[in-house]
Amino acid sequence: MATLTLEDKRVLEDSIRDIPNFPKEGIIFKDITTLLNNPKALKILMNHLEERYKSYNLDYIAGIDARGFIFGSILADRLGVGFVPVRKKGKLPYTTVAEKYSLEYGFDEVEVHIDAFPKENSRVLLIDDLIATGGTAKAAVSLIDKVGANCVEACFILELDFLKGRDGIDSEVYSVLHID
Ligand code: AMP
């Protein structure tokens, strides 16, 4: 089983740095660059994710722009499956399908290539570093659906439980660490 020991969880939690008031007043930004440059923490995390997902029979990992690309690519390689970037609008060069989502003020949009998941009815794991309100992940799950693939689970390194972001997501949700 892919359980983390309490000691493993502590190593991971301690490796994520809090940056108060970034990018604006009142937000505590969870900085995962200090997890990435800590080989022990990165190994614990990736071993855990590999162990959890090796039996999911996945075809692709889809990572959300930009930190989801890092964890998603490592995991895709470990599992021997393809990686698909879910990008912010205007970055992908070929024909795209887009999904809008609301922010505190206004909208943002994520996109994938129309042929991002070439295998029919493919099983996709969506991954990002953090789920807050869930708006980004919800849009990414519907994008995966729009282009004919199935999001079997959305995975996050960290979940801000008090924002209840998982409630709006039309997929199973798994988070490695939680903040109440
Ligand atoms: P949301 O759509 O509200 O769930 O926001 C999730 C996206 O915003 C993810 O791609 C996160 O990387 C980023 N994000 C939101 N809140 C934070 C935070 N407190 N610390 C770090 N990243 C955050």
Go through the residues of region 60-73 one by one and say whether even a single one is among the aromatic types (Phe, Trp, Tyr), over 20 Å from residue 108 (Cβ atoms) and touching a helix residue (DSSP H, G or I) at 6+ places or on another chain (Cβ under 7 Å). no
Out of (1) under 23 Å from residue 3 (Cα atoms); (2) within 13 Å of the ligand (Cβ to nearest atom), the odd one out for residue 76 is which? (2)
From the list 70, 61, which residue is within 15 Å of the ligand (Cβ to nearest atom), in contact with a Leu (Cβ under 8 Å, 6 or more places away or on another chain) and either modelled with pLDDT of 95 or more or not in a strand (DSSP E or B) (or both)? 70
Select from region 99-140 the residues that are within 11 Å of the ligand (Cβ to nearest atom) and on the phi > 0 side of the Ramachandran plot and list them in ascending order. 134
How many residues are in contact (Cβ under 8 Å) with a residue 12 or more places away in the chain, within 24 Å of residue 158 (Cβ to Cβ) and in a loop (DSSP other than H, G, I, E, B) when one looks only at region 95-128? 1
Residue by residue through region 73-89, note down the ones that are touching a residue at least 40 places away in the same chain (Cβ under 8 Å) and assigned to a helix (DSSP H, G or I). 75
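The values are calculated or read from the model by the stated rules, or taken from the named source; none is laboratory data. Not measured: the values here are computed from a predicted model. A quick note on method: Cβ atoms are made from the backbone with ideal geometry, for glycine too, and the neighbour counts reach across all protein chains shown.
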